[in-house]
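Just below is one structure, and these are the notes that go with it.
The values are calculated or read from the model by the stated rules, or taken from the named source; none is laboratory data. Just so we're clear, the structure is a prediction, and the values are computed from it rather than from any experiment. All Cβ positions, even for glycine, are placed from backbone atoms using ideal geometry, and neighbour counts span all protein chains on display. Calculation scope for accessible area: heavy atoms of the full protein, side chains included, ligands and nucleic acids excluded. Shrake-Rupley method; radii C 1.70, N 1.55, O 1.52, S 1.80 Å.
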Amino acid sequence: MNDNTAALRNLPRVDEVLAHRLMISVEEAPRAVALEAAREAVEEGRQRVLGGKDPVDLSLGAVAARAAELLRRKLRHSLRRAINATGVILHTGLGRAPLSEAAQNAIADVAAGYSNLQADVGSGERMHREVHVEGLLRQLTGAEAAVVVNNNAAATVLVLNTLAAGREVVVSRGEMVEIGGAFRIPEIISLSGCRLAEVGCTNRTHLRDYRKAITSDTAVLLVVHQSNYRIVGFASQPPIEEVVALAHEHDLLCVHDLGSGALLDLRAFGLPHEPSVPESLGAGADVALFSGDKLLGGPQCGIILGRTALLEAMHRNPYYRTFRVDKLTLAALEGTLRLFLDQETLAEKHAVMAMLTASAEEIAARAETLAARLRQAGGDRLQVAVEESVSEVGGGSLAGHMLPTVVVRISSDDVPAGELAARLRAGEPPLFARVHKDAVVMDLRTVLPGEEDLIVTALGRALGRVTGG
Ligand SMILES: *Cc1c(COP(=O)(O)O)cnc(C)c1O
């Protein structure tokens, strides 16, 4: 008891901690935040004394060091850059598509000041903000007009509410997609004010199933791309051309939710075929919609393409005003779309395409170099191996398609793999890797060029904390 009283009396005071050089040296710290950190560090010390735990250093220097650490943590942005060594290219938890340099520059250009977002530079009149991307989308896909909203989920609601409110939307039972979270086709259709008419079976839907479902209440035949799953075996869906023909025969509209939204034929890049936007519009779909941050590799948004008259009606829908995107999104989208004008340089300049098309050999070379550096940094209680594996596209795109890759496998004699992975995540910048069979596994396919230095430092720190106790 007496010990406690003495220890509590010897605790450094908050103002002493605040004035300590370790605290002063933290740059650009608002006084109120520094004060909070100093108070927390002193309080932590008090709790330790009261808790009667093993003796800890509660000298002024030690408490100030802890306060400075807390202060730095408070000053750090919550949303910040992270390293993705998981090999999942469109990782929703890590922000889906990394933006290309062209998109980053476009954002920087309009972020600081004003822009011609909705003002026509010729006439000075108001215009749709989508004009900045409409020409490019027309050229790249053959669409007449474009509407851009916050994401593809919002796009679905805007499209269905505008074209089919109070009426029926016909969807195949093989396309009742759940994307994750609360996005499920049946719910989205009712949220849009429409009624769902399900047709066919999970594995097979025929054109005659659609035909039988059409009534005087039907407004739209909705085709949804099976973006994040595959039905294999005895399975079939009618080709989009046939659904379009049937819709038009009955004066109905055919809407195609493409999900991942490939702008070109991915086979030209050695990837599997994915229904592309030009294919969908070429087949006659009245409206096609897709995400901006999946295979397109742009900012989060939902892109709606189709005939001018239909899209004008969407612009007039009050939902449009609640879902529309800001200037930063449009800037990044324009920057990204421009890259598609030159297919020769696309795989080099487009961050997602670069990751999708990186060969196992290229990745192996990077993996070997990193492994050698990690071995050197990790000492003889660290095992580092290089081995073959597969990367995933992720983000509900190219489901089931695995990209051959080469990974770096790390295991430590001192730190279990799960704990090592947790320390790497808690580091600065946070590093996300896989854990597989008692090892931390890093896939360089999704590690941006130049991030290797950060990985070497991060591993050193993650292991260092252990030897230090
Ligand atoms: C991903 C996806 C969506 C949702 O898109 P978000 O941009 O994530 O809102 C909707 N439909 C399909 C088919 C998808 O693949």
Residue count, segment 373-402 (criterion: open to solvent by 10 Å² or more (accessible area, probe 1.4 Å), hydrophobic (A, V, I, L, M, F, W, C) and not in a helix (DSSP H, G or I)): 7
Residue count, segment 430-444 (criterion: outside any strand (DSSP E or B), at pLDDT 95 or above and surrounded by fewer than 22 Cβ atoms within 10 Å (Cβ to Cβ)): 1
Qualifying residue in segment 148-156 (condition: in contact with a Leu (Cβ under 7 Å, 6 or more places away or on another chain), within 18 Å of P299 (Cβ to Cβ), modelled with pLDDT of 95 or more and loosely packed, with under 14 Cβ neighbours inside 10 Å): no
Condition met for N84 (polar (S, T, N, Q) and within 27 Å of V441 (Cα to Cα)): yes
Top-ranked residue in segment 183-198 [being of a type in the set (A, V, I, L, M) and open to solvent by 10 Å² or more (accessible area, probe 1.4 Å); ranked as nearest to the chain's Cα centre (by Cα)]: I188
Filter result for N161 (away from the ligand (no atom under 16 Å from the Cβ), in a helix (DSSP H, G or I) and either under 28 Å from A354 (Cα atoms) or more than 23 Å from the chain's Cα centre (by Cα) (or both)): no
Number of the condition not met by L424 [criteria: (1) touching a Pro at 6+ places or on another chain (Cβ under 9 Å); (2) closer than 24 Å to L295 by Cβ; (3) surrounded by 15 or more Cβ atoms within 10 Å (Cβ to Cβ)]: (2)
Selection from segment 228-285 of residues that are open to solvent by less than 60 Å² (accessible area, probe 1.4 Å), charged (D, E, K, R) and in a helix (DSSP H, G or I): none
Test set (1) crowded, with 20+ Cβ neighbours inside 10 Å; (2) within 15 Å of the ligand (Cβ to nearest atom); (3) not hydrophobic (A, V, I, L, M, F, W, C) - G306 fails condition number: (2)
Residue match in segment 171-182 (condition: closer than 27 Å to L337 by Cα, within 13 Å of the ligand (Cβ to nearest atom), under 29 Å from the mean Cα position of the chain (by Cα) and not charged (D, E, K, R)): yes
Residue list for segment 181-205, restricted to those being more than 25 Å from S236 (Cα to Cα), in contact with a strand residue (DSSP E or B) (Cβ under 9 Å, 6 or more places away or on another chain) and in a helix (DSSP H, G or I): S190
So L222, is it among the aliphatic types (A, V, I, L, M), open to solvent by less than 60 Å² (accessible area, probe 1.4 Å) and in a loop (DSSP other than H, G, I, E, B): no
Criterion (crowded, with 17+ Cβ neighbours inside 10 Å, in the same structural domain as F234 (by TED's automatic domain parsing), touching a strand residue (DSSP E or B) at 6+ places or on another chain (Cβ under 6 Å) and not hydroxyl-bearing (S, T, Y)) met by exactly one of E178, E168: E168
Subset of segment 269-322 that is among the acidic types (D, E) and in contact with an Asp or Glu (Cβ under 9 Å, 6 or more places away or on another chain) - its residue that is farthest from A165 (Cα to Cα): E274
Residue match in segment 183-205 (condition: away from the ligand (no atom under 12 Å from the Cβ), farther than 30 Å from M127 by Cβ and in contact (Cβ under 8 Å) with a residue 60 or more places away in the chain): no
Matching residues in segment 411-429 - criterion: being charged (D, E, K, R) and either modelled with pLDDT under 95 or touching a helix residue (DSSP H, G or I) at 6+ places or on another chain (Cβ under 9 Å) (or both): D413, D414, E419, R423, E428
Check on V49, buried (at least 18 other Cβ atoms within 10 Å of the Cβ) and either modelled with pLDDT under 95 or among the polar types (S, T, N, Q) (or both): yes
Of all residues making up segment 253-301, the number that are charged (D, E, K, R) and near the ligand (Cβ under 10 Å from one of its atoms): 3
Residue match in segment 311-319 (condition: in the same structural domain as P238 (by TED's automatic domain parsing) and under 23 Å from the mean Cα position of the chain (by Cα)): no
Near pairs, Cβ below 8 angstrom, 6+ apart or cross-chain, from segment 92-115 (surrounded by 15 or more Cβ atoms within 10 Å (Cβ to Cβ)) to any residue that is of a type in the set (K, R): R96/K294; A97/K294; S100/K349; A102/R338; A102/K349; V110/K327; S115/K327
Only listed residue being in contact with a Gly (Cβ under 6 Å, 6 or more places away or on another chain) and either part of a helix (DSSP H, G or I) or of a type in the set (V, I, T) (or both), chosen from T336, T345: T336
